[in-house]
Amino acid sequence: MSTNASAPPWHVIAILVARLVFAGLFAMATIFKFTDMNGTAGYIAAAGFPIPLVLAWCAALFELALALCLLTGAFFSEAALLAAAYVIFLAFSFHGPSHWEGNQMEMGSFIDHFTFMAGLLFAAVHGPGAVLAVRTSLLRRT
């Protein structure tokens, strides 16, 4: 997103709401993991991954970093790209086609991850907006 001061106010509001939604979802996921790290590790183990407790901690810390970046705007595009890749990884790992036979709702969860990914990719391209954003990025030219 450009820093054009003539952008309509609703653009700024929409971008801030989107950032709050993105950050809020990753913050909630982080809180759930920290609240029940062993439960998260059990879920990871059930999906067939090794060292589930280590992966649960890695996921919690990664999601915390994503939430902070998406909220503050620091490394926003990079965080949005990493988040998009992470969301698709989660879709296939925990809600993919192998899970659909036992619970048809899993297909809905799988599809929802793609809409979330699309929003994250759009955000990665357009950036954090001109308001309330730390201007730190590895991808953007200054």
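The values are calculated or read from the model by the stated rules, or taken from the named source; none is laboratory data. Small disclaimer: the values here were computed from a predicted structure and weren't measured. FYI the Cβ positions are ideal-geometry reconstructions off the backbone, even for glycines, and counts take in every protein chain you see. The area values use the complete protein model at the heavy-atom level, side chains included, leaving out ligands, DNA and RNA. Shrake-Rupley method; radii C 1.70, N 1.55, O 1.52, S 1.80 Å.
For the stretch 82-102, name all the residues that are open to solvent by 70 Å² or more (accessible area, probe 1.4 Å) and either small (Gly, Ala, Ser) or farther than 17 Å from residue 67 by Cβ (or both). Listed by number, the residues that qualify are 89, 92, 97, 98, 100, 101, 102. For the stretch 119-136, name all the residues that are in a helix (DSSP H, G or I), open to solvent by less than 50 Å² (accessible area, probe 1.4 Å) and hydrophobic (A, V, I, L, M, F, W, C). Once the filter is applied, which keeps residues that are in a helix (DSSP H, G or I), open to solvent by less than 50 Å² (accessible area, probe 1.4 Å) and hydrophobic (A, V, I, L, M, F, W, C), the stretch 119-136 yields 120, 123, 124.
Filtering the stretch 10-24 to residues that are more than 22 Å from residue 95 (Cβ to Cβ) and loosely packed, with under 14 Cβ neighbours inside 10 Å leaves 10, 13, 14, 17, 20.
Scanning the stretch 66-81 for residues that are touching a Cys at 6+ places or on another chain (Cβ under 6 Å) and open to solvent by 10 Å² or more (accessible area, probe 1.4 Å) turns up just one, 75. Exactly one residue out of 34, 49, 94, 89 is touching a helix residue (DSSP H, G or I) at 6+ places or on another chain (Cβ under 8 Å) and within 21 Å of residue 119 (Cβ to Cβ), and it is 94. For the stretch 25-65, which positions are in contact (Cβ under 8 Å) with a residue 40 or more places away in the chain, open to solvent by 30 Å² or more (accessible area, probe 1.4 Å) and under 12 Å from the mean Cα position of the chain (by Cα)? Correct list: 25, 27. Evaluated against (1) over 17 Å from residue 76 (Cα atoms); (2) modelled with pLDDT under 95; (3) open to solvent by 50 Å² or more (accessible area, probe 1.4 Å), residue 7 falls short on exactly one condition, (3).
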